[in-house]
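Every number here is computed from the coordinates shown, using simple stated rules; none is lab data. Computed from a predicted structure; not experimentally measured. Ideal geometry is used to build each Cβ from the backbone, glycine not excepted, and the neighbour counts take in all protein chains shown.
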Amino acid sequence: MSKEQLKIFDTTLRDGEQSPGASMTRDEKVRIARALEKMRVDVIEAGFPIASQGDFEAVEAVAQVVKDSTVCGLARALDKDIDRAGEALKGANSSRIHTFIATSPIHMERKLRMSPDQVVEQAVRSVRRARQFTDDVEFSAEDAGRSEIDFLCRIIEAVIDEGATTINVPDTVGYAMPWQFGETIRTLIERVPNSDKAIFSVHCHNDLGLAVANSLSAVTYGARQVECTINGLGERAGNASLEEVVMAVRTRSDVFQCETGLDTTQILSCSKLVSNVTGFPVQPNKAIVGANAFAHESGIHQDGVLKHRETYEIMRAEDVGWSKNRMVLGKHSGRNAFRSRLQELGHSFDSEEDLNESFRRFKDLADKKHEIFDEDLQVLVSEADSEAVSERIRLLSLKVCSETGETPVATVVVVIDGEEASDTAEGGGPVDAAFKAIKKLTGIDAVLQLYSVNNITTGTDSQGEVTVRLKQDERIINGQGADTDIVIASAKAYVNAINRLLDREERAHPQGDV
Ligand code: KIV
Ligand code: ZN
């Protein structure tokens, strides 16, 4: 018997971007959107166009390049938001406007200061307006997880009558329990008289670690769209993780009456791409995409797997993109091999110069490191993209002296707005000294919130990938840098974060006041 379709709505580029420090540039969003399209995600929520000019342009750019997935823009239930989303999506092959308004007593009274009647009226009006731009309109009842069921039934019936084709039921604050949430979906589908005219969707936050469980419970009771993000990125504790939802439905096809159309072999490269772009490392024990997800440590497990894989493995590592043969390129690889491997990883070059510049970086790296892995290539192009964004400050050179019993000293040369400048500083260690010298040169007064180093591959010649998180006023920014020398990688990451801080753009927040 053929199964029903479960739509995967990816919101990495919108809700995922709401993780503090995860803001993405237009080009980064386009790269991730391409990778999501390659994975055959049904809907890509590319951003919140009214939030800022940058977000508008990012949604517009994604709408231009993505052809096979539907591209969606978020809009509060306000005319100006909907018009902006409609405008940004004009070039899309298939577009969706996602409009929302809060429906829980606490949000209606305290945040919106609106009566339930006013909320219904505004929701209906917004769906009507969105339908002027596209036939594909999604309505979300924000904070549905804490809303009254009678009111949810009322507003959902009204927006479906007005032409909403997807009804999203978000657990905005991650409060629901799986059995209750499943029951809510069952009740809504049963009680809303026109529920057969729309697809029911869920959007779960992970505040209690239940986002995936709640989503799957909802699927069991009739939800046919799940909103999720790569690596579970998202506001606060994040959203349901795409890879976990998709692999749960696939692995336990015996208990689900639906299936996704995703090419799961793309999962790992998407995960790495998102991690590289945002600078949010994936914890080693993360399900599906963590470095240890398919590693067997105990002798008993290893013995079992060797005798018969299914003794301890419920999924095949290859099915989510882990491959055994990871060495791809080396010092003698040519431009074509380089270009085609990056194309396989979902990266395309905008121009010949772009390719040449990345190839030059690849050759530099290959001089320092004999074996170049997919992970190295991903970082290499990520770095090239983030430098292209805004480079008011460029690191020219760094010299550090670090010796037992002596205070480390760093001398940094940078170009700031075209002018070369140099300074020296001492520090507790070489990285501290380099950061102090950069701080003196740029005069940027930001608080360092996080400094982390990850080795991209294994071995002491591996590139170190450094993430630096800076906070200035209320803005939090991540910067990344990679190099086989981790002090240089650290300085690159620090300069990258400062460049992002200088690239000031105020953004509205979707959960802010209407
Ligand atoms: O969490 C939430 O409620 C949202 C909505 C905008 C769908 O992100
Ligand atoms: Zn959300």
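Here is the size of the stretch 389-502 from its Cα atoms: Rg then Dmax, 13.6, 41 Å. Think of the chain as a dipole: +1 on every Lys or Arg Cβ, -1 on every Asp or Glu Cβ, centred on the Cα centre; then among I288, L208, M1, M1 lies furthest on the positive end. Computed over neighbours whose Cβ is under 12 Å from that of K363, the net charge equals +3, Lys and Arg +1, Asp and Glu -1. Derived scalar couplings between HN and Hα for the stretch 81-93 equal 5, 5, 4, 5, 5, x, 5, 5, 8, 3, x, 6, 5 Hz in order, rounded to whole Hz, by the Karplus curve 6.51 cos²θ - 1.76 cosθ + 1.60 (θ = phi - 60°), x for Gly and Pro. A Förster distance of 35 Å, applied to the separation of the beta-carbon atoms of I149 and A508, puts the FRET efficiency at 0.70. Annotation for Y451 and C401: the two label points, set 7 Å from Cα along the Cα-Cβ direction, are 2.1 nm apart. Axis angle, to the nearest 10 degrees, between helix 374-389 and the longest C-alpha principal axis of the chain: 90 degrees.
Taking amide H as placed 1.01 Å from N in the peptide plane, the amide H of I476 sits under 5 Å from that of G21, each at least 5 places away or on another chain. Extension gain, L208 to S253, is 13.6 nm, computed as 0.36 nm per intervening residue step minus the present C-alpha separation.
Between the C-alpha center of the stretch 198-219 and that of the stretch 1-55 there is a gap of 17 Å. Each principal axis of the stretch 324-386 carries a Cα extent, and these read 29, 23, 22 Å when sorted largest first. Enumerate the residues in the stretch 443-485 having an amide nitrogen under 13 Å from the point lying 7 Å beyond the Cα of D364 toward its Cβ. Once the point is set 7 Å along Cα→Cβ of D364, 482-485 turn out to lie under 13 Å by backbone N, inside the stretch 443-485.
For the chain, a crude dipole built from +1 on the beta carbon of Lys and Arg and -1 on the beta carbon of Asp and Glu, taken about the Cα centre, is about 420 debye to the nearest 20.
Rank the residues F373, F181 as a footprinting-exposure proxy: fewest other Cβ atoms within 10 Å of their Cβ go first.
Least to most surrounded, the residues fall as F373, F181.
Here the 3J(HN,Hα) profile of the stretch 30-37, calculated from phi with Karplus coefficients 6.51, -1.76 and 1.60 at θ = phi - 60°, is 5, 4, 5, 4, 4, 5, 5, 5 Hz, Gly and Pro shown as x. Residues V59, V173, ranked from the fewest to the most other C-beta atoms within 10 Å, line up as V173, V59. Basic side chains Lys and Arg get +1 at the Cβ, acidic Asp and Glu get -1 at the Cβ, and with that the dipole of the stretch 324-386 about its Cα centre reaches some 420 debye. Against the chain, whose longest principal axis comes from its Cα atoms, helix 116-131 is set at around 70 degrees.
What 222 nm value per residue comes from the helices of the chain, counting each DSSP H run with n ≥ 4 as -39,500 (n - 2.57) and dividing by all residues, nearest 500 deg cm²/dmol?
Computed mean residue ellipticity for the chain: -12000 deg cm²/dmol.
Here the calculated FRET efficiency for Q118 and N194, from their Cβ-Cβ distance with R0 = 25 Å, stands at 0.65, rounded to the nearest 0.05. Couplings 3J(HN,Hα) of the stretch 179-196, computed from phi: 5, 6, 5, x, 5, 4, 5, 4, 5, 4, 5, 6, 8, 6, x, 9, 4, 6 Hz, in residue order, whole Hz [Karplus 6.51 cos²θ - 1.76 cosθ + 1.60, θ = phi - 60°; x for Gly and Pro]. Ellipsoid semi-axes for the stretch 67-226, based on the Cα gyration tensor and the rule √(5λ), read 23, 18, 15 Å when sorted largest first.
Local charge sum around T103 (other residues, Cβ-Cβ under 14 Å, Lys/Arg +1, Asp/Glu -1)? Around T103, the surrounding residues sum to -4. An ellipsoid equivalent to the stretch 148-292, defined through the eigenvalues of its Cα gyration tensor, has semi-axes of 29, 16, 14 Å when rounded to whole angstrom and sorted largest first. Orientation-averaged projection of the stretch 235-274 equals 3.6 nm² [convex hull of Cα atoms, one quarter of hull surface area]. Using equal-weight Cα scatterers in the Debye expression, the normalised intensity of the stretch 39-145 in log10 at q = 0.14, 0.24 Å⁻¹ is -0.53, -1.18. For A295 and D350, a Förster radius of 25 Å and the Cβ-Cβ distance give a FRET efficiency of 0.10, rounded to the nearest 0.05.
If I take all pairs of Cα atoms in the chain, what percentage of them are more than 42 Å from each other?
For the chain, the fraction of Cα-Cα distances above 42 Å is 22 percent.
Placing +1 on the Cβ of every Lys and Arg and -1 on the Cβ of every Asp and Glu, with nothing else charged, gives the stretch 389-502 a dipole about its Cα centre of roughly 320 debye.
Taking each of K80/K471; K331/K368; K67/K90; K440/K471; K29/K80; K399/K439 in turn, the alpha-carbon distance tops 20 angstrom for K80/K471; K29/K80.
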